[in-house]
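S.K.: Take a look at this one; I'll ask things after.
The values are calculated or read from the model by the stated rules, or taken from the named source; none is laboratory data. Just so it is clear, the model here is predicted, and its values are computed rather than measured. Cβ atoms come from the backbone with ideal geometry, glycine included; neighbour counts cover every protein chain shown.
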Amino acid sequence: MTDTLLRVRHLRTYFWTLDGIVKAVDGVNMDIGTGRTLGVVGESGCGKSITALSIMRLIERPGKIVEGSVDLDRTDLLKLSESEMREIRGNAISMIFQEPMTSLNPVFTTGNQIAEAIRLHADIGAREAEDRAVEMLRKVGIPDPERRARQYPHEMSGGMRQRVMIAMALSTYPQLLIADEPTTALDVTIQAQILELMKELREERRMSIMLITHDLGVIAEMADDVVVMYSGKVVETGDVFTIFERPHHPYTQGLLGSLPRIGQRRGRLRVIEGVVPNPLNLPKGCLFARRCPCVMPICEQTPPPFQEVHPGQVSRCWLTPAGTTPAVGMTAPADVAEAEAARMTITADSGRQSATAAQMGEVGR
Amino acid sequence: MLRYIVRRVLGAIPVLFGLSVILFLFLRLLPGNPAVAILGQHATPQLVAQISSSLGLDKPLYVQYLQYIWQLLHGNFGASFVDGRTVASTFLVRFPATLELTTGAMIFAVGLGIPLGRLAARHPNGWIDGAVTALSLFGISIPIFVLGYTLVFIFGVELHWLPAVGQIDPRLNVNPVTNFSIIDAILSGNVNAVEDAVAHLILPSIALGSIPLAIVTRITRASVIDVSNEDYVRTARAKGLTEKRVDDRHIMRNAWLPVTTVIGLQVGSLLAGAVITETVFVWNGVGSWVVQAIENHDLIVVQSLIMIFAIIFLAVNLLVDIGYAFLNPRIRYS
Ligand SMILES: Nc1ncnc2c1ncn2[C@@H]1O[C@H](COP(=O)(O)OP(=O)(O)O)[C@@H](O)[C@H]1O
Ligand code: SF4
Ligand SMILES: [Mg+2]
């Protein structure tokens, strides 16, 4: 395996709202390997952006990082002073956001905004920074970059502005780029172009990317590793092939089930029945229990452990590594029929997967 | 940009025209005959009729109006019934005092309102914000004459910290060259005179500036809070900028926009407030002149002054809008 660039452990970020404490990020672990792309998926509101902003330490009132560590090359960012953290932001770690239309300051030219980022982290003059800004614009495929650098954001399309954001983020040669739904607000052809651009720049720079999306198509195309989040927690992680080939967690399976077949890219996640639990009133056991087709009595009583089901694949679920009900005794009589029926539909699909897994000798280890 | 200015100037014409009609009718329909006002209660009817006709008051209203407009278009604002001097000449003598007062009030309002608004916005709903809100509610709700007389009483009469009324101590014998008391004092080369003129300006500026201060503070607060929640502010932080730079550059450059507009609109309320403030502080500007003209039924003067106030108001707002366009590239290029 490659070495780890960013290691997030037990990260908790809470929001103190008038209605109570929202545990937006509740004990998240994730690793991003050097030069690798980590895809973070999950329905809207599951804590993806807050995780990213916590890594950048950009959480604002009423939110607060309450616990955890974020190690970048063995330095815990959460222990740095604010001024040390500013040296990291926009420099070692850059971030681009979902809304290209509103993420650039309307009263400054794009060249000015990129040059500002460059000068902040490099000891160079204004002219040189401006020249470099133009170079960056050229690099991200903006035609006539000299003219574009003198333009204001409102003179550009959304796709163009996202290119500007990428140029700005990459102008300081970051080790890690956090891209929070970078293509969600763009139309399909522009999305494809932006992803293509990110791929090219990734190859060239050998930088790590944390790519947040709720679009599994984007994950399939871009990611090396995947983290699936649900309700502020990581429910499954693994490399991209494992996650797509033999997802363990019923939520991941649900997400994949809602994905159109290969060749047809865009899949929306909202197809799993039901809604995410109210963050102010979380269920006692498994957070996915109310929507899970495999739900067992224990699921509603006790939160499932986060266990390695196969090497490199970790899942937060009571099901056995093979995806079967752990022990007959655990299924309550009242629910047997229903749960069994549901399980059958799942295993109908995952049966093939279990078979593959069995061939690989990984079942029942 | 030029087209924008031309369009705005042309747009002001119908406004001024409408205003002139309304003003004209309103003042003619007021009770009281100006000729009587000039001659006194005991004048003979013949004399009243004679004066009325010499003033053109016996002609049909529309004729009077057309004559008035004709004169206006030639830059002739008419002359006072009372002392026979042209409105323009008296205006030139008195306007500097009003300009000095409104400038003082504006400096007070903007100079204090913007820092206060920013301070309040830093911790919305905190105790500083509460104190600032209370202060601006006070500023908005207290009538100018109450505040004015209170200031005169406390700081002028009781404490003797500042001169109570007037523009400059007459004993200093400053020669009125420009009619701006501070500039004249500077021209006189007498440092004491400059200090005296500035000291005279303080209390009236506070009295007149209290409402604009309250409004500028509120708008600045709201605008800064608004802008702070914008995505591009988060982008600025994500670059690694210091909080101060995010504030001064990325937030304030945008937060200024609505504040500028409001400052322009406050010019109207300053001109209206100057009428009262000048009366309270015995300030020989255009505001106290309006009051005298109304008391004397000096119709031409009242009418012309309101017209001039309207033109100033429109002109200042045009300037503000140009400034706004300059600050806001989205307007500049559309
Ligand atoms: N400013 C805030 N105040 C209160 N709760 C918040 C705030 N920002 C985010 N949250 C909570 O954090 C949760 C996760 O949000 P987010 O990370 O933005 O989700 P997403 O996965 O869609 O990016 C949301 O469900 C919301 O309840
Ligand atoms: S723990 Fe139970 S309810 Fe939760 S995902 Fe697994 S099977 Fe479903
Ligand atoms: Mg998000």
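S.K.: Tell me yes or no: at least one residue of the stretch A:171-178 is modelled with pLDDT of 95 or more, away from ligand 2 (no atom under 16 Å from the Cβ) and crowded, with 24+ Cβ neighbours inside 10 Å.
M.R.: Yes, there is a match, as at least one residue in the stretch A:171-178 is modelled with pLDDT of 95 or more, away from ligand 2 (no atom under 16 Å from the Cβ) and crowded, with 24+ Cβ neighbours inside 10 Å.
S.K.: Okay, moving on. Looking only at the stretch A:40-87, how many residues end up being buried (at least 22 other Cβ atoms within 10 Å of the Cβ) and more than 18 Å from A:H10 (Cα to Cα)?
M.R.: Here the count works out to 2.
S.K.: I've got another one for you. Can you name the residue in the stretch A:54-82 that is free of Cβ contacts under 8 Å to residues at least 12 places away in the same chain and within 16 Å of ligand 1 (Cβ to nearest atom) and, of all such residues, is nearest to the chain's Cα centre (by Cα)?
M.R.: Top of the filtered list is A:E60.
S.K.: Here is a further query. Restricting the stretch A:133-162 to residues that are of a type in the set (D, E, K, R), assigned to a helix (DSSP H, G or I) and surrounded by fewer than 20 Cβ atoms within 10 Å (Cβ to Cβ), which is nearest to the other protein chains (Cβ to nearest Cβ)?
M.R.: The residue in question is A:E155.
S.K.: Here is a follow-up. Would you pick out the residues in the stretch B:211-246 that are touching a residue at least 12 places away in the same chain (Cβ under 8 Å) and more than 28 Å from the chain's Cα centre (by Cα)?
M.R.: Scanning the stretch B:211-246 gives B:I225, B:D226, B:V227, B:S228, B:E230, B:Y232, B:V233, B:A236, B:V246.
S.K.: Can you spot a residue in the stretch A:118-129 that is closer than 27 Å to A:T75 by Cβ and away from chain B (no Cβ under 14 Å)?
M.R.: So far as the stretch A:118-129 goes, yes, one or more of its residues are closer than 27 Å to A:T75 by Cβ and away from chain B (no Cβ under 14 Å).
S.K.: Taking A:S231 and the conditions (1) away from chain B (no Cβ under 14 Å); (2) within 16 Å of ligand 1 (Cβ to nearest atom); (3) out of contact with any Pro (no Cβ under 8 Å at 6 or more places or on another chain), which numbered condition does it fall short on, given that it satisfies the others?
M.R.: Condition (3) is where A:S231 drops out.
S.K.: Still on this model: Among A:S83, A:S69, which is the only one that is more than 26 Å from A:A185 (Cα to Cα) and either modelled with pLDDT under 95 or within 16 Å of ligand 2 (Cβ to nearest atom) (or both)?
M.R.: A:S83
S.K.: Within the stretch A:276-290, can you find the residues that are in contact with a Phe, Trp or Tyr (Cβ under 8 Å, 6 or more places away or on another chain) and either modelled with pLDDT under 85 or more than 16 Å from ligand 1 (Cβ to nearest atom) (or both)?
M.R.: A:V276, A:C286
S.K.: To continue, here is another question. For the stretch A:231-238, indicate whether the set of residues that are touching a residue at least 12 places away in the same chain (Cβ under 8 Å), of a type in the set (D, E), farther than 30 Å from A:A167 by Cβ and in contact with a strand residue (DSSP E or B) (Cβ under 7 Å, 6 or more places away or on another chain) is non-empty.
M.R.: Among the residues of the stretch A:231-238, at least one is touching a residue at least 12 places away in the same chain (Cβ under 8 Å), of a type in the set (D, E), farther than 30 Å from A:A167 by Cβ and in contact with a strand residue (DSSP E or B) (Cβ under 7 Å, 6 or more places away or on another chain), which makes the answer yes.
S.K.: Then there's this: Mind checking which helices (runs of 4 or more DSSP H) fall wholly inside the stretch B:1-104 and carry at least 2 residues that are in contact with a Lys or Arg (Cβ under 7 Å, 6 or more places away or on another chain) and loosely packed, with under 11 Cβ neighbours inside 10 Å?
M.R.: Those helices (runs of 4 or more DSSP H) do not exist here; none qualify.
S.K.: Ok, one more. Just the residues that are within 16 Å of ligand 1 (Cβ to nearest atom) and part of a strand (DSSP E or B), please, taken from the stretch A:209-228.
M.R.: Hits for the stretch A:209-228 are A:M210, A:L211, A:I212, A:V226, A:V227, A:V228.
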